[in-house]
1. Have a look at Arg45, Arg100 and point out the one that is open to solvent by 50 Å² or more (accessible area, probe 1.4 Å), over 19 Å from Ser128 (Cβ atoms) and touching an Asp or Glu at 6+ places or on another chain (Cβ under 7 Å).
2. Hey, can you tell me all the residues within the stretch 9-42 that are surrounded by fewer than 19 Cβ atoms within 10 Å (Cβ to Cβ), of a type in the set (A, V, I, L, M) and in contact with a Leu (Cβ under 9 Å, 6 or more places away or on another chain)?
3. Count, please, the residues in the stretch 1-22 that happen to be farther than 18 Å from Thr50 by Cβ, among the hydrophobic types (A, V, I, L, M, F, W, C) and assigned to a strand (DSSP E or B).
4. Given the conditions (1) open to solvent by 40 Å² or more (accessible area, probe 1.4 Å); (2) not in a strand (DSSP E or B), which single one is not true for Gln82?
5. Of the residues Phe29, Phe37, Phe47, Phe68, which single one is aromatic (Phe, Trp, Tyr) and without any contact (Cβ under 8 Å) to a residue 60 or more places away in the chain?
Amino acid sequence: QVQLVESGGGLVQAGGSLRLSCAASIRTFSRNVMGWFRQAPGKEREFVATISWSGRSTSYGDSVKGRFTISRDNPKNLLYLQMNSLKPEDTAVYYCAADRTLYSSGTYYSRQKGAYDYWGQGTQVTVSS
C-alpha cells in the first residue's frame, strides 16, 4: 500500500515560516515526480509546487513563487516544502502527491492535479494577521 504522510503544519503569524514534510512509503520514490497542492475552505484544490525525480527541475504557482521552496531527499523518501514570508491567504490544508509514472527524463514535472495518483491526508496551515 502506497502511503504519503504530511507533517509540519500549524499556526503561525503573518511573515513567519514553516517547513512541511511528506514521508513516502512508495518504493519507487527516487523516480517519482512529486507535488504539493493546497485547498482552502470553499475553494478548489490549487497547485503549489512540483519537483522532478532528480530534483533538477522545479515549478511553482504564481502566488507562492519567490516565497516557497520545494525539495526532496531521495535516500530518505522525504519531500519538503519550505514556506517563508507567510500570508493569511496561504491558510489551507496542504497535500503532497506522487505521480506513479516513471519518466526517463530527470527534468519532467507536472503542475496538474490530474497527473498525480497518490495523495496524503493533508496538514493544516493557518496564518494569522
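The values are calculated or read from the model by the stated rules, or taken from the named source; none is laboratory data. Since we're looking at a predicted model, the values are computed, not measured. Backbone-built Cβ (ideal geometry, glycine too); neighbour counts: all protein chains shown. Protein only, heavy atoms only, side chains kept; ligands, DNA and RNA dropped before computing areas. Shrake-Rupley method; radii C 1.70, N 1.55, O 1.52, S 1.80 Å.
1. Numbers: Arg45 fails: touching an Asp or Glu at 6+ places or on another chain (Cβ under 7 Å).
Going through Arg45, Arg100 in turn, the sole match is Arg100.
2. Across the stretch 9-42, the qualifying residues are Val12, Ala14, Ala23, Ile26.
3. Of the residues in that region, 4 qualify.
4. For Gln82, the exception is condition (2).
5. Working: Phe29 fails: without any contact (Cβ under 8 Å) to a residue 60 or more places away in the chain; Phe37 fails: without any contact (Cβ under 8 Å) to a residue 60 or more places away in the chain; Phe47 fails: without any contact (Cβ under 8 Å) to a residue 60 or more places away in the chain.
Result: Phe68 is the single residue among Phe29, Phe37, Phe47, Phe68 that is aromatic (Phe, Trp, Tyr) and without any contact (Cβ under 8 Å) to a residue 60 or more places away in the chain.
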